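As structure tokens, the structure follows; a few thoughts come after it.
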Amino acid sequence: MRIDVMGVGFDSLTMDEAVARARDLMAERRAAYVVTPNPEIVMLCRDDPAAMQAVQGADLVLPDGIGVIYGAKILGTPLRAKLPGIDFASALMAQMGQEGKSVFLLGAKPGVAEEAGSRICTQYPNLVLCGTHDGYFDNEAPVVRAVSQAAPDLLFVCLGAPKQEKWMARWGALTGAKLAIGLGGALDVFAGN
Ligand code: UDP
């Protein structure tokens, strides 16, 4: 059962539990996706039904930001832990890397995903970087095809909110990635910008 914070239902999990759930979703091979809303995204969903639908349709909804944690507490239904998207992605990559699994990085300005990828590969040497693409494109088809041909275990979708949530809801399954995660500005962070 999800915990409602101003209309958005959050999964109440520890980091270890969230990573375990993500791994289960990947094993199911049905193109699942994860969102990590912060308070700004919660507020934005209230005015954007398509964004709300994309967020609520996710297989995992993780609270990114102390504001969501406080909100849940004030409402009398506390969440177990704050799970920042970048920490969640890092914990997952650490495990995936040990198994030689692959990741595709989608989003940010041209060149950023490549730089993020190179740094990620240094940090998680056995993780396979199977592709990158910048986040500024008009035509979805070639991007979906590029991801699909790379057949990643993990797909990071970093197009900003709510674009990335809508993108995953609409295109996620067509990419064939086992698990997509919406991560906002994470590629800029991984790239050291
Ligand atoms: N971005 C993108 N395509 C777009 C708009 C944004 O790839 O059409 C990228 C942008 O370059 C940045 C990220 O999405 O890397 C959004 O970061 P921001 O910190 O603004 O998003 P948030 O984490 O607040 O959702």
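The values are calculated or read from the model by the stated rules, or taken from the named source; none is laboratory data. The structure presented is a predicted model; accordingly, all values stated were derived computationally and were not measured. All Cβ positions, glycine included, derive from the backbone under ideal geometry; neighbour counts span all protein chains shown. Note: accessible area is taken over every heavy atom of the protein model, side chains too, but ligands, DNA and RNA are not part of it. Shrake-Rupley method; radii C 1.70, N 1.55, O 1.52, S 1.80 Å.
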>> Quick query: amide H of N38 versus all other amide H atoms, modeled in the peptide plane; which residues come in under 5 Å with a sequence gap of 5 or more or a different chain?
In response: D64
> Using θ = phi - 60° and the Karplus form 6.51 cos²θ - 1.76 cosθ + 1.60, what ³J(HN,Hα) does each residue of segment 61-78 get, whole Hz, x for Gly and Pro?
Replying inline: 10, 10, x, 9, x, 5, x, 5, 5, 5, x, 4, 5, 4, 6, x, 10, x
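How much accessible area per residue does the chain have, counting only protein heavy atoms and a probe of 1.4 Å, in square angstrom? Walk me through the numbers before you get to the answer.
Working: 8760 Å² over 193 residues.
Heavy-atom SASA per residue in the chain reads 45 Å².
Could you size up the charge dipole of segment 34-193 around its Cα centre, putting +1 on the beta carbon of Lys and Arg and -1 on that of Asp and Glu, and report it in debye to the nearest 20? It would help to have the intermediate numbers written out before the result.
Details: 12 positive and 15 negative charges, 61 e Å.
Taking the Cα centre of segment 34-193 as origin, the dipole is about 300 debye.
On a 1.4 Å probe surface of the protein chains, which of V34, V189 comes out largest in accessible area, and what is the full order? Each step should come with its number before you reach the end.
On the way: V34 0, V189 80 Å².
Order by accessible area, largest first: V189, V34.
Over the Cα atoms of segment 1-61, Rg to Rh with Kirkwood Rh, two decimal places?
Working: Rg = 12.1 Å, Rh = 12.2 Å.
Radius of gyration over Kirkwood radius for segment 1-61 works out to 0.99.
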> Which value at 222 nm does the chain reach when only helices count, each DSSP H run of 4 or more adding -39,500 (n - 2.57), with the total divided by all residues and rounded to the nearest 500 deg cm²/dmol?
Replying inline: -14500 deg cm²/dmol
>> To make sure I understand the rule: partners must be lysines, Cα under 30 Å from the Cα of K109, and not fewer than 8 residues away in the same chain. Which ones qualify?
In response: K82, K101, K163, K166, K178
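What fraction of the DSSP beta bridges in the chain is antiparallel, stated in percent and rounded to the nearest 5? Each step should come with its number before you reach the end.
Working: 3 of 22 bridges.
Among the beta bridges of the chain, antiparallel pairing accounts for roughly 15 percent.
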> Going 7 Å from the Cα of D47 in the Cα-to-Cβ direction, what parts of segment 59-76 have a backbone nitrogen less than 20 Å from that spot?
Replying inline: 67-68
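Given +1 on the Cβ of Lys and Arg, -1 on the Cβ of Asp and Glu, and no further charges, what dipole in debye does segment 90-163 carry about its Cα centre, rounded to the nearest 20?
Result for segment 90-163 is approximately 80 debye, rounded to the nearest 20.
What percentage of the solvent-accessible surface of the chain, computed with a 1.4 Å probe over protein heavy atoms, is contributed by carbon and sulfur atoms?
Working: 4550 of 8760 Å².
Exposed carbon and sulfur together represent 52 percent of the surface.
May I ask for the percentage of alpha-carbon pairs in the chain that lie more than 28 Å from each other? If you can, show how the numbers build up before the last one.
Numbers: 3554 of 18528 pairs.
When all Cα pairs of the chain are counted, 19 percent exceed 28 Å.
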> Which FRET efficiency, nearest 0.05, do A81 and R2 yield, Cβ-Cβ r, R0 22 Å?
Replying inline: 0.90
> Excluding ligands and nucleic acids, what accessible area in Å² is computed for E28 using a 1.4 Å probe, to the nearest 10?
Replying inline: 100
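Hey, got the dipole for segment 1-109? About the Cα centre, +1 on K and R Cβ, -1 on D and E Cβ, debye to the nearest 20? If you can, show how the numbers build up before the last one.
Numbers: 11 positive and 13 negative charges, 18 e Å.
Computed about the Cα centre, the dipole is about 80 debye.
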> Got a sec? Charge dipole of segment 1-123, +1 on Cβ for Lys and Arg, -1 for Asp and Glu; which of G107, G9, A20 is way out at the positive end?
Replying inline: A20
>> With a 1.4 Å probe and all protein chains kept in place, how much accessible area does K109 have, in Å² rounded to the nearest 10?
In response: 130
